[in-house]
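In what follows, a structure is listed as structure tokens, so that the remarks can point back to it.
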Amino acid sequence: MQAVENAKLRLKDVTKTFIAPRTLKPTVAVSDVTLDIMRGEFVCIVGPSGCGKSTVLNMIAGLEAPSDGTIFMDDRPISGPSAERGVMFQDYALFPWLTVQDNIGFGLRNGTPGHSLSAGEIKDRIEAHIDLVRLRGSEAKYPHQLSGGMRQRVALARLLANGPDVLLMDEPLGALDAQTRLILQSELLRIWGETSPTAQRKTAIFITHDIEEAVFLADRVVVMSRHPGRVRALLDIDLPRPRNEHVRTTQRFGELSEEIWQLIRDEALEAIA
Amino acid sequence: MEKTQTGAKPASRDGDGPANAAPQRPGLPAMLLEIPGVVPALSFAGFVALWWAGAAWNGNSIQLPTPPEVFGALVSLARDGELFTNAGLSLSRLIVSMSIAVLIAVPLGFWMGLSETLRRYVDPTIELLRPISGIAWIPLALFIFGVGGVLPVFIMTYVAFFPLVMNTFAGVRGADPKLVAAARTMGVGRLRITARVVLPSALPTIMVGVRLALAGAWSAIIAAELIGAPTGLGFAIEWYRELLASPKVFAYVGVIAGVGYLADLALQWLQRRLTPWTVGGGLS
Ligand SMILES: Nc1ncnc2c1ncn2[C@@H]1O[C@H](COP(=O)(O)OP(=O)(O)OP(=O)(O)O)[C@@H](O)[C@H]1O
Ligand SMILES: [Mg+2]
């Protein structure tokens, strides 16, 4: 077996089968996924709805155990969640009883990410992340008082404020307007460490339905397919970094987007037929 | 000139089209109804009118005294302070029994929500006792506590216990697993998750339990004091019943309603303070 150097995360023959509680009917959500993700790599996962993207992310987070196969982080099997692997959930999972600022500060105040920080440092971090996601002025509101896009930005700020080594993001920008989305894509690349040497970058897994978003952000795009959820293709995105808006107009960007679209179009058309 | 204006008015009323689609400005009576408290006052006035009509038709002041008679009795009871003494006693018994019930039932319900084993052992007994009205325990309580202040407190604690334990349990069980998962991915320990995620998740449901418990306990106090206490609102009702002083009986019934209503208002205020995120939620 060939040893992979610098693999931060290794998924080995990972399968997830859900058993329906009453009928005991099994659903194979993810089947035989084998994937190595390098330290400092930015990986985007695309694929049709229901192909198991969120399930893969939850397993990497340690919230669900694979039915078969193993997931390793730094060559140790993942047995449960840890603050090293921060998660931004598809439905945000904001605490309804906490204001925007207290949601952002929840992990810093109650979990391991804040252990080495003073109260003042925690406050500064919260403030910085309120500004980062452009929620200044709404910091004292409760989640139910926010729009869908604002809630999504709170969830993103909460993830980033905890400063995890591995970022697991499930459609983190899907509810945002086009302009905010472009701004936050660039911010995300900055926080991930685009301008730093690879060794200092975080490891990011980013689920999206937006092919151009995937090409803009990723080092590698994982294309998944349905029934059962499998890895259909892996594409290296060989666009130079740091990337700016200009990269979207290049020929290579168009080619890569087209290639991914060709890979998922059959299934996408099948899904709406 | 004025004439043409008034003449034009009905024409624009009859007209179909955008003028009719616009929301109509409410007339003066409709605007008065918007003032808070006006509709409840109307409801109450209607009730008093019906009562008065019934009393006039019945014509027997012992069976059904008229509103002025009852009001007069209320004023005289308030004047010599007896009303406040009895109301204060009953209210303090309510507060004591609610406190005891909360201190026992909320931790128990919380623990049952966290531990399936505990729930399996405790739940059958709770389900067995729950349908038994608090009043059914009065005879037994008379043997144990005798006539006095302890008996009504015991009965009310018993009545308040069930909604508190059930709602606390339901609140803990209903805590969103997604939120617990989110806290776990932030490296939050189990105890902290219980205190900072499960507890606030359950709090709105617990508060509903507190209000149900208070309403139940307050309903039970009358029967408990009627038979088992030498003081309090229930005792006073029984006392004046024996004296055939119906207006005073009714005055005390009114005080029971009033105190219960005010106590619930206080709890609603507490609810808004403790769970502000449940106030004014939208649809999304
Ligand atoms: N807890 C569960 N119990 C049973 N089946 C589940 C569960 N979670 C997911 N599934 C099933 O697993 C499959 C994959 O679901 P998953 O949420 O991972 O899809 P997804 O790729 O994230 O889709 P989307 O793009 O719509 O978010 C689906 O068929 C879904 O019905
Ligand atoms: Mg999903």
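The values are calculated or read from the model by the stated rules, or taken from the named source; none is laboratory data. On a predicted model such as this, the values are computed, not experimentally measured, just so you know. Here the Cβ is made from the backbone with ideal geometry for all residues, glycine too, and neighbour counts use every protein chain on show.
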Over the stretch A:153-171, the set of residues away from chain B (no Cβ under 14 Å) and crowded, with 24+ Cβ neighbours inside 10 Å is A:ARG153
Sole miss for A:LEU108 among (1) at pLDDT 95 or above; (2) over 21 Å from the mean Cα position of the chain (by Cα); (3) in a helix (DSSP H, G or I) is condition (2)
Filtering the stretch B:232-284 for residues that are on the phi < 0 side of the Ramachandran plot and more than 14 Å from chain A (Cβ to nearest Cβ) leaves a count of 37
Residue hits (the stretch B:176-219; polar (S, T, N, Q) and within 7 Å of chain A (Cβ to nearest Cβ)) are B:THR185
Checked the stretch B:161-175 for anything surrounded by 20 or more Cβ atoms within 10 Å (Cβ to Cβ) and either within 14 Å of another protein chain (Cβ to nearest Cβ) or more than 30 Å from B:ILE95 (Cβ to Cβ) (or both); matches are B:GLY171, B:ALA175
A:GLU84 vs (1) modelled with pLDDT of 95 or more; (2) within 14 Å of chain B (Cβ to nearest Cβ); (3) within 21 Å of A:ASP165 (Cα to Cα): all pass except (1)
Filter the stretch A:82-105 for residues that are touching a Phe, Trp or Tyr at 6+ places or on another chain (Cβ under 9 Å), assigned to a helix (DSSP H, G or I) and farther than 18 Å from A:ASP170 by Cβ; the one that is nearest to ligand 2 (Cβ to nearest atom) is A:VAL100
The correct count of residues that are assigned to a helix (DSSP H, G or I) and within 16 Å of ligand 1 (Cβ to nearest atom) in the stretch A:200-223 is 3
Across (1) modelled with pLDDT of 95 or more; (2) more than 16 Å from ligand 1 (Cβ to nearest atom); (3) under 18 Å from the mean Cα position of the chain (by Cα), A:LEU168 clears everything bar (2)
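Given the options A:GLU139, A:GLU127, name the one that is assigned to a loop (DSSP other than H, G, I, E, B) and either within 13 Å of chain B (Cβ to nearest Cβ) or farther than 18 Å from A:ARG10 by Cα (or both).
A:GLU139
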In the stretch A:46-92, residues that are within 22 Å of B:ARG190 (Cα to Cα), within 14 Å of ligand 1 (Cβ to nearest atom) and either surrounded by fewer than 19 Cβ atoms within 10 Å (Cβ to Cβ) or not β-branched (Val, Ile, Thr) (or both) total 9
Scanning the stretch A:44-81 for residues that are within 16 Å of ligand 2 (Cβ to nearest atom) and more than 13 Å from chain B (Cβ to nearest Cβ) gives A:CYS44, A:ILE45, A:VAL46, A:GLY47, A:PRO48, A:SER49, A:GLY50, A:CYS51, A:GLY52, A:LYS53, A:THR55, A:VAL56
Those helices (runs of 4 or more DSSP H) completely within the stretch B:191-284 that have 1 or more residues that are of a type in the set (S, T, N, Q) are B:199-228, B:246-274
